[in-house]
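Contents: one structure, followed by commentary.
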Amino acid sequence: MSNDTGLPDTTAITEHVDDETVVATTGREARRGSFGPGGAGMPTERTRDFRTVMRRLAQALGNERRWLVVIAALTLGSVVLVVLGPRLLGQATDIIITGSFGDGVDMAALRQSLVVVALSYLGSWVLGYGQAWVLAGVVQRSMFQLRSQVERKLHHLPLRYVDAQDRGDLLSRVTNDIDNLAQSLQQTTSQILTSLLT
């Protein structure tokens, strides 16, 4: 089947692939087909046992508990300083308004207030940068352990299992899937913490 451009029609392919098929094949069909608008992208895969997945993810991050506390503290500090910023700017605005109706703007107080605002935002940036740096280390160390576990598992797989898998499927699981997990952990952990605290 082809369309006016002479290219294969991908809508027929996507109509035959439902969510259960994608989940049952652990993404194999999703890696083969074209999905989403314009044929790019991958459908959302959902786990059947969310608790088990979260427990295993917590085990993977288990050795990094103290660093997770540091990440939470850095995020809290960064959020507090960002939230204080508008209040401090309001105080600087009050100095200008009060001065415009009185004897003039107290430039020394205004300068001091603006320096406090600048230091607040700079401190927030430093804490946010530190949080991202520590989080990157935590995620990468955890993914290194996960890759080591996968490597040990691959060494124990029988050759008939490897032969039965589609070409590139095992490699995709070891590289792409773990990289996607690392990227998702790094982005969503920071965003969730910042959003909740804000």
Check your understanding: Once phi is turned into ³J(HN,Hα) by the Karplus curve 6.51 cos²θ - 1.76 cosθ + 1.60 with θ = phi - 60°, what whole-Hz value does each residue of the range 182-190 show in order, with x for glycine and proline?
Key -> 4, 5, 5, 4, 5, 6, 6, 4, 5
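On the protein heavy atoms, probe 1.4 angstrom, tell me the percent of accessible surface of the range 120-198 carried by carbon and sulfur. Don't skip to the answer; put the middle values down first.
On the way: 3330 of 5480 Å².
For the range 120-198, the apolar C and S fraction of the accessible surface comes to 61 percent.
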Check your understanding: Between L84 and I97, how many nm apart are label points set 7 Å from Cα along the C-beta direction?
Key -> 2.2 nm
Study note, to complete from the structure: Given the candidates T175, L193, L146, the one whose Cα lies deepest towards the positive end of the charge dipole of the range 114-198, counting +1 at each Lys or Arg C-beta and -1 at each Asp or Glu C-beta, is L146
**Study point:** For the range 70-114 versus the range 178-193, the gap between their alpha-carbon centres in whole angstrom
**Key:** 33 Å
Check your understanding: At a probe size of 1.4 Å, how large is the accessible area of I97, to the nearest 10 Å²?
Key -> 80 Å²
Review point. Dividing the alpha-carbon radius of gyration of the range 112-176 by 2.2 N^0.38 Å (N being the number of residues), what value is obtained?
Key: 2.07
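When the expected Rg is taken as 2.2 N^0.38 Å, what fraction or multiple of it is the alpha-carbon Rg of the range 69-198? Please report the intermediate quantities before stating the final value.
Values: Rg = 25.1 Å, N = 130, 2.2 N^0.38 = 14.0 Å.
Expressed relative to 2.2 N^0.38 Å, the Cα Rg reads 1.79.
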**Study point:** Separation of the D49 and A108 label points, Cα + 7 Å toward Cβ, nm
**Key:** 7.1 nm
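The values are calculated or read from the model by the stated rules, or taken from the named source; none is laboratory data. The shown structure was predicted, so the numbers you read here are calculated from the model rather than taken from an experiment. Cβ coordinates were reconstructed from backbone atoms using ideal geometry, including for glycine residues, and neighbour counts include every protein chain displayed. What goes into the accessible areas is simple: the full protein's heavy atoms, side chains included, and nothing from ligands, DNA or RNA. Shrake-Rupley method; radii C 1.70, N 1.55, O 1.52, S 1.80 Å.
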